[in-house]
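Below is one structure; the comments refer to it alone.
The numbers here are math on the coordinates, done by the rules we state, and not lab data. Computed from a prediction, not measured in an experiment: that's the story for all the values here. Don't worry about glycine lacking a Cβ; one is built from the backbone with ideal geometry, like all the others, and counts go over all protein chains shown.
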Amino acid sequence: MRIGAVGSYWTGAAEHAGLEFVALPQPIDAMPRPQADPVASRLRDGNLHQAAHVRSPVSLIVDSNFEGLGFLPALGNPQGVDLLHERIGVPLASHLVDPLLTCMRGLPANVALAAARSRTWWKFAFDRALAAELRAFGVPSVEYLPQAAPDRIAEMEFVRAPLDVSRMERQIAFIGSQATNYFGANAAHKGDHQLVGAMALARKLERPESTFFEAYHEAYGFADAPSPNDSAETLASKFAQYQNHKLFYVAALWVAQRNRYVRALTNKLGSDFHLHGSNWESLGVRGGPAFEGEEGYLRAFRTSLININLNNGNTETGLNQRAFEITAAGGFMLCAAAPELPELFRVGEECDCFRNETELFEKIAYYRAHPERTAEIAFAGQQRTLKEHLFSNRIRTMVERTGATSIRAAA
C-alpha cells in the first residue's frame, strides 16, 4: 500500500514506519484563521489532491487537523460538493488536536457535521473527552489516539547523550505561548455563555475527570443532549449552540491549565524561572526570545533542570505535543496533572506531575535539591517516548484501525 501523507510529521512517520508514501500538498489556506469562503478553499485543496492522486494513487490519506479533507464539485449537482476521499475511494485518517470547527477553517456547523458523517473518514482525537464529544454528536469512525513526538528527534545524536545536571543553563523553564484573547481589554461576550463555562470549569477543578459535555448536558442540563433521532438540522443547531457556549470554558481552561501557573512562577521565582513564548504581555510578563531552529528548541529541554509542561485550553483530559517533545529530547518533565497522563507515562519514574500551585512549588524545591533524580527520570521518560510515542507509532495504529493492514515496506 502507499500512504498519501499531508505534512512533515506524517511523511517522516511513514518513512520510519517502513511505509511507502507520497507527500501530498499542504492546504492552500492554513488554519486556524477562518476563510472568507471556506468551501472554495476546500475545493482548491481537493483539486490539488485529486491531481496528485492521479499521478501517484494512494491507499490511505493521513493528515493532521483535517488538512487532507478536500471537496470536489458534486457530480450532477453544480451547487453541491463531494468529499474528495469518497470520490476517489480512499479512506482519510485525520489526527485531530483542535476542535472540529477550528479544523474546518470556518465551515458552517451543518456543512462541517455533514462532512464529518463520512464513515470512510477516520477522526483520531488526541483527547478522550474530544473523542466522546464527537461520537455524541453522531460523528462515526472516531478513535482515540494521543499526541506524539516527530520521528526526526530520535535521529538527532545529541539527544542520546546523558544529561549533565551540573551544567544546566536554566533551573525552571516553560516554553509556550499565551493563545487566548478572550480576556482582552475590549472583549465583550454573552453573560450566559460565561456562566455556563464558569460552572463547568468549577466542576472540573473539583473533579478533574469531568468534561464540558458532561457538565453541560448531564450535571446542569443547559440543553438537550444530541440524540440519534435528531434531524440533521436539529443536530447542527445543537452543535453550533454547544460550541458557542463552550467558548468561554476553553478560554478559562487556558487560564486554569497554563496562564495562572506562568504568572505564579514568574511572581515567586523571579529570574530562576525562564519563559519562552509569545503574547504574554497581556498577563504582565514577557517571554524570552525563540530558540534558534528545532535543534536549539530541543537543546533547551536538555539544558533546563526542570521543564514545566502546561496544557492548553483545547485539552480536557489528554496531553499536548510538548509533553512528548520534552521527553523525546531527553529532558526532565514536570507536567500539570491530566487524567490520561498515567496511561502514557509512569508518573514519578518517567516524568512527574503536580495537581495545584502548592504541589508545583513543592516539586520544584524537591528536584532542585535532588538534581540527579531529574536525570534518572528524564532518561526513563525518553526511552518510553522513543519506543511508544513517536508519530511512526501513531501512523501504524491509524493504518491498523482503518483496516489498511497490508503494509508494504518502501522500496
Problem set entry | Per-residue [θ]222 nm for the chain (sum of -39500 (n - 2.57) over DSSP H runs n ≥ 4, rounded to 500) | -12000 deg cm²/dmol
Exercise. Can you sort MET168, MET398 by how many other beta carbons sit within 10 Å, fewest first?
Worked result: MET168, MET398
Problem set entry | Loop sites in region 318-411: GluC sites (Glu not before Pro), DSSP, at most 13 other Cβ within 10 Å | GLU349
Exercise. How far is helix 38-55 tilted, in degrees, relative to the longest principal axis of the Cα atoms in the chain, given as a value from 0 to 90 rounded to the nearest 10?
Worked result: 80
Problem set entry | Only Lys, Arg (+1) and Asp, Glu (-1) charged, at Cβ; the chain dipole about Cα centre in debye | 220
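List HIS53, HIS217 from most exposed to least, where exposure is judged by having the fewest other Cβ atoms within 10 Å.
HIS217, HIS53
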For this session: Note down the magnitude of the dipole of region 282-411 about its Cα centre, charges +1 on Lys and Arg C-beta and -1 on Asp and Glu C-beta and zero elsewhere, to the nearest 20 debye.
Result: 300
For this session: Just subtract the alpha-carbon distance of THR303 and GLN383 from 0.36 nm times their residue separation and send over the number in nm, one decimal.
Result: 27.0 nm
Exercise. Among ALA223, THR317, ALA329, whose Cα lies farthest out toward the positive end of the dipole of region 158-388, if unit charges sit on the beta carbon of Lys, Arg (+1) and Asp, Glu (-1)?
Worked result: ALA329
Problem set entry | Percent antiparallel among DSSP beta bridges (both partners in region 158-388, rounded to 5) | 0
For this session: Apply 1/(1 + (r/R0)^6) to the Cβ-Cβ distance of GLU209 and ASN356, taking R0 = 22 Å, and write down the FRET efficiency to the nearest 0.05.
Result: 0.85
Seminar exercise, completed: Contour minus Cα-Cα span, ASP224 to LEU195, at 0.36 nm per residue, comes to 8.7 nm
Exercise. Which residues' amide hydrogens lie under 5 Å from the amide hydrogen of GLY4, considering only partners 5 or more residues apart or on another chain, with H built in the peptide plane?
Worked result: VAL22, SER59, LEU60, ILE61, VAL62
Exercise. Can you work out the FRET efficiency for the pair ILE28 and LYS363, with r the C-beta to C-beta distance and R0 = 56 Å, to the nearest 0.05?
Worked result: 0.80
Seminar exercise, completed: Sparse-neighbourhood loop hits (trypsin sites (Lys or Arg not before Pro), region 355-384; DSSP loop; Cβ within 10 Å at most 12 others) -> ARG355
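With only alpha-carbon pairs counted, each pair once and no self-pairs, how large is the Kirkwood hydrodynamic radius of the chain in angstroms?
Value: 22.5 Å, from the Cα pair sum.
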For this session: Indicate, rounded to the nearest 5 percent, the antiparallel portion of the DSSP beta bridges found entirely in the chain.
Result: 10
Problem set entry | Most mobile of PRO27, PRO108, PRO228 in a GNM of the chain (Cα contacts under 10 Å) | PRO228
For this session: Work out, step by step, the length gained on full extension between SER271 and PHE183: first 0.36 nm times the residue separation, then minus their alpha carbon distance; give nm to one decimal.
Result: 29.0 nm
For this session: Check each of the trypsin sites (Lys or Arg not before Pro) in region 190-220 and keep only those in coil by DSSP with at most 13 other C-beta atoms within 10 angstrom; list them in order.
Result: LYS190
Problem set entry | Cα gyration tensor shape for region 46-162, rounded if a/c is under 1.5, else prolate or oblate | oblate
For this session: Give the long-range amide H neighbours of GLY176: residues separated by 5 or more places, or on another chain, with amide H under 5 Å away, using H modelled in the peptide plane at 1.01 Å from N.
Result: HIS276, GLY277
Seminar exercise, completed: Nearest 10, in degrees from 0 to 90: the angle of helix 391-401 to the longest Cα principal axis of the chain is 40
Exercise. What is the helix-to-structure angle for 357-369, meaning the angle in degrees between its Cα long axis and the longest Cα principal axis of the chain, kept from 0 to 90 and rounded to the nearest 10?
Worked result: 60
Seminar exercise, completed: Distance in Å, no decimals, from the C-alpha centre of region 127-169 to the one of region 88-112 is 20
